[in-house]
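This report concerns only the one structure given below.
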Amino acid sequence: MTTPRRTGAGELGDPELTVGQVAEPGAVTLVVPTFNESGNIRELLRRLTESVPSRLPCEVLFVDDSTDDTPEVIRDAAQDCPFPVAVLHRDEPVGGLGGAVVEGLKRAGSDWVVVMDADLQHPPALVPELVRAGESSGADLVVASRYLPGGSREGLAGGYRVAVSRGATWLAKALFPRRLRGISDPMSGFFAIRRSVVAADELQPLGYKILLELAVRCRPETVAEVPFVFRDRFAGESKSSAREGMRFLSHLSGLRTASAAARMAAFGVIGLTGFLPNLAALHLLVAGGMHYLPAEIVANQFGVVWNFLLIEVLLFRERRRHRHWADRFGRFALLANADLLLRIPLIALFVAQWGMAVLPATALALLTTFVVRFAATEALVYLPRRGAPGRGRAGARALDTAR
């Protein structure tokens with residue numbers, strides 16, 4: 001990790017300053033995540049210069065993950081801006097676009113932070129309106145929504161992207177009906193939020209749906225919305241992809257299973273799905289001539305692998321860094337197979353000592369070993385080792401005050 005260069009006393013790029021000390025530049029910080037957006041930067045800053053009134057002091061912070069000349073273009077274009085412009089280039093794009101926004105939130109010094117894309121699908125002219133709506137309503141979060149009267153999603157090219165956006169919105173609101181109450185467009189990437197309600201250290205972004213992350217984890221008390229028309233890109237290509245879609249689903253799962261009770265329920269559902277590869281492997285092994293007893297043991301390992309892969313992706317994504325994958329898998333497989341050894345003595349105990357019938361004794365043994373296996377998986381596989389430091393975030397190459 002390299003140390004950000006000092007650009008002058010009291011400026012945004014000074015590594016010695018705390019968040020409270022950099023609030024002087026103004027009332028709003030615009031955080032703009034960028035990835036190869038060099039063709040949009042000059043026009044974005046030009047429109048911001050035209051749109052943001054002088055009575056609304058602001059600063060612009062680009063958090064850049066580009067592999068092209070975007071940082072250089074920002075520095076050059078910033079020379080004509082009447083407000084401070086800074087660029088933070090990250091060594092690694094940890095967390096994707098959402099991770100870039102979190103880095104910006106951590107460094108923002110103003111009361112309000114406006115998050116917007118660089119491709120001009122989010123109209124810069126709406127920035128003052130977002131802040132004004134928050135101040136007049138006392139809201140903590142103001143969302144620019146495509147689904148209010150006066151709003152539009154016309155910049156979504158093709159019926160496929162419209163359907164995906166609508167489906168993602170419906171799924172998110174169905175999973176978080178209370179947290180997203182009052183937010184008609186949780187997939188929006190254009191919003192204003194009070195810096196005081198952001199608990200940046202609690203955020204665990206994955207991909208580009210940072211608004212969903214903020215609404216669920218930070219729980220702003222009051223929310224306002226303003227309509228906006230989602231425009232076509234000014235230049236460049238969309239970063240949407242099937243991979244981003246999978247990251248979104250993984251992100252949703254991580255948010256939904258943040259509580260222990262939700263994780264246990266998901267753990268049980270995943271365990272049930274493990275019977276499918278188990279039974280399929282058992283059928284193939286027996287059909288191939290293997291005796292059914294060793295076939296049972298081998299087939300059980302297919303279910304173990306299946307379950308391990310699913311809980312890695314859906315339940316414990318943020319805890320995988322504490323141990324090497326081989327260590328995690330070895331511990332998980334040991335616990336999964338020990339479940340078989342524990343279940344039989346439990347059934348015998350329930351029948352012989354408690355006088356239970358075989359079927360209810362088996363059901364109770366299954367429930368008992370399930371709870372024990374879930375608790376042991378969390379404690380022995382995915383909790384940090386005592387005294388072991390967590391993996392730090394990737395560093396930033398430089399935080400330059402471009403003007």
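Take peptides 94-102, 331-339, 120-128 and line them up by average Cβ neighbours within 10 Å, highest first, as a rough protection proxy. Could you put the intermediate results ahead of the total?
On the way: 94-102: 24.2, 331-339: 17.1, 120-128: 19.9.
Result, highest mean first: 94-102, 120-128, 331-339.
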Seminar exercise, completed: Computed ³J(HN,Hα) along segment 330-339: with the Karplus parameters 6.51/-1.76/1.60, θ = phi - 60°, integer Hz and x for glycine or proline, the list is x, 5, 5, 5, 4, 5, 5, 7, 5, 4
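Provide the FRET efficiency to the nearest 0.05 for the A326-R219 pair, computing r from the beta carbons and using R0 = 45 Å.
Efficiency for this residue pair is about 0.75.
What does the C-alpha gyration tensor say about the overall shape of segment 71-220? Classify as rounded when a/c is under 1.5, otherwise prolate if a/b is larger than b/c, or oblate.
Working: a/c = 1.38, a/b = 1.30, b/c = 1.06.
It comes out rounded by the Cα gyration axes.
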For this session: Calculate, for segment 179-230, the solvent-accessible area per residue in square angstrom, rolling a 1.4 angstrom probe over the heavy atoms of the protein chains.
Result: 36 Å²
For this session: Read phi for every residue in segment 105-120 and hand back ³J(HN,Hα) as whole Hz from Karplus 6.51 cos²θ - 1.76 cosθ + 1.60, θ = phi - 60°, with x for Gly and Pro.
Result: 4, 5, 9, 5, x, 9, 5, 10, 10, 9, 9, 8, 7, 8, 8, 6
Exercise. What shape does segment 74-163 have by the C-alpha gyration tensor, where a ≥ b ≥ c are the square roots of the eigenvalues, rounded means a/c under 1.5, and otherwise prolate means a/b greater than b/c and oblate the rest?
Worked result: oblate
Problem set entry | Amide proton proximity set for V63, modelled H, under 5 Å, gap of 5+ | V32, T34, L88
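The values are calculated or read from the model by the stated rules, or taken from the named source; none is laboratory data. Nothing here was measured: the structure is a model prediction, and the numbers come from that model. Methodologically, a virtual Cβ is constructed for each residue, glycine included, from the backbone with ideal geometry; neighbour enumeration extends over all protein chains shown. What goes into the accessible areas is simple: the full protein's heavy atoms, side chains included, and nothing from ligands, DNA or RNA. Shrake-Rupley method; radii C 1.70, N 1.55, O 1.52, S 1.80 Å.
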